[in-house]
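> Please find one structure pasted underneath; my questions will follow.
The values are calculated or read from the model by the stated rules, or taken from the named source; none is laboratory data. Just so it is clear, the model here is predicted, and its values are computed rather than measured. Positions of Cβ are generated from backbone atoms using ideal geometry, with glycine treated the same way; all protein chains shown enter the neighbour counts. Protein only, heavy atoms only, side chains kept; ligands, DNA and RNA dropped before computing areas. Shrake-Rupley method; radii C 1.70, N 1.55, O 1.52, S 1.80 Å.
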Amino acid sequence: DAGITQSPRHKVTETGTPVTLRCHQTENHRYMYWYRQDPGHGLRLIHYSYGVKDTDKGEVSDGYSVSRSKTEDFLLTLESATSSQTSVYFCATGQSRNTEAFFGQGTRLTVV
Amino acid sequence: QQQVKQSPQSLIVQKGGISIINCAYENTAFDYFPWYQQFPGKGPALLIAIRPDVSEKKEGRFTISFNKSAKQFSLHIMDSQPGDSATYFCAASLDQGAQKLVFGQGTRLTINP
């Protein structure tokens, strides 16, 4: 998994509560991404980062924010979790834009 | 909108047979087409990828066939083995990027022994 650690691996939270998912990588990859995986939709890009403090929105960014204060850490925050955000979240990293994306093992988030 | 459409949703193949998964895309600006393999409880892992300057790429038992005019590409798994049982995703990206991906819906492949 290219030295990518996602935490927590599983989380159950209540509607309306804030949630932060963490992606930590030891590969010194510049590029980092958050995807969500849902049945029938494959994986969809939420936010991405091309470096420290350089982030941008992906296809399904509403309700999510990100921060990257260090190369190795990329945080995904749900400010006020909703049931529609129940999903499996994957972090991915890449050394440069045109090299392979490496995925973490995922975080299963359930919003009740 | 689904920019990359994948079929079938599920596929059962006998051991030793050929597994074929198809994808169609809409955006002609896509210039990188990878296939990812995912086992239960794991993240996707790159299996094989192709760029539109070639029509076919083979790596071992895995082959991508690419039809630019039809905006379609497919994954062929020859001599399918039970260990190939997994979910497969096609994807596409722009500007020669390989990480900012648009994924298909996925195909759950089961290889019966």
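> What does the average come to when, for each residue of peptide A:53-62, you count the partner chain Cβ atoms lying within 10 Å of its Cβ?
So the per-residue partner count for this stretch is 1.
> Averaged over B:99-112, how many beta carbons belonging to a partner chain fall within 10 Å of each residue's beta carbon?
Per-residue shielding by partner chains comes out at 5.
> Which of B:72, B:94, B:36 sits closest to the plus end of the dipole of chain B, meaning its Cα is farthest towards the positive end, when Lys and Arg get +1 and Asp and Glu get -1 on the C-beta?
B:36
> Then there's this: Given B:5/B:100; A:11/B:42; B:5/B:68; A:11/A:57, which pairs have Cα atoms separated by over 20 Å?
A:11/A:57
> Just the number please: accessible area per residue for the stretch A:4-111, 1.4 Å probe, all protein chains included, in Å².
Counting only protein heavy atoms, the per-residue value for the stretch A:4-111 is 46 Å².
> Using amide H atoms built in the peptide plane, which far-off residues or other-chain residues are under 5 Å from residue A:99 H to H?
Sorted by chain and number, the residues that satisfy this are B:98.
> Could you point to the residue in A:28, A:106, A:96 farthest towards the positive end of the stretch A:4-111's charge dipole, with +1 and -1 charges on the Cβ of Lys/Arg and Asp/Glu respectively?
Checking the options against the dipole of the stretch A:4-111, the answer is A:28.
> I've got another one for you. Please work out the FRET efficiency for the pair residue B:14 and residue A:97, using the Cβ-Cβ distance as r and a Förster radius of 41 Å; give the result to the nearest 0.05.
For residue B:14 and residue A:97, the calculated efficiency is 0.50.
> Which lysines, on any chain, are close to residue B:15 with Cα under 22 Å apart, when same-chain ones fewer than 8 places away are left out?
In chain and number order, the partners are B:58.
> What's the magnitude of the charge dipole for chain B around its Cα centre, counting Lys and Arg as +1 and Asp and Glu as -1 at the beta-carbon? Answer in Debye, nearest 20.
Dipole magnitude for chain B comes out near 160 debye.
> Can you work out the Karplus-derived ³J(HN,Hα) for every residue in the stretch B:74-88? Use 6.51 cos²θ - 1.76 cosθ + 1.60 with θ = phi - 60°, whole Hz, and x for glycine or proline.
My calculation for the stretch B:74-88 gives 9, 10, 10, 10, 7, 6, 4, 10, x, x, 7, 4, 5, 9, 10 Hz in order.
> Another question about this same structure. With the full set of protein chains in place, find how many percent of the accessible area of the protein assembly as shown is carbon and sulfur; take the probe as 1.4 Å.
Summing carbon and sulfur atoms, their accessible area is 48 percent of the total for the protein assembly as shown.
> What order do you get for B:31-39, B:67-75 when each peptide is scored by the mean count of other beta carbon atoms within 10 Å, highest first?
Final packing ranking: B:31-39, B:67-75.
> With Cβ to Cβ distances under 12 Å as the rule, what net charge do the other residues near residue A:60 carry (K, R +1; D, E -1)? Numbers along the way, then the final one.
Numbers: positive: A:36, A:44, A:57; negative: A:38, A:59, A:62.
Charge balance in the 12 Å sphere: 0.
> For the interface of A with B, what's the total buried accessible surface in square angstrom, probe 1.4 angstrom, rounded to the nearest hundred? Please list the in-between numbers first.
Numbers: alone 6020 and 6260 Å², together 10510 Å².
In total, chains A and B hide about 1800 Å² from solvent.
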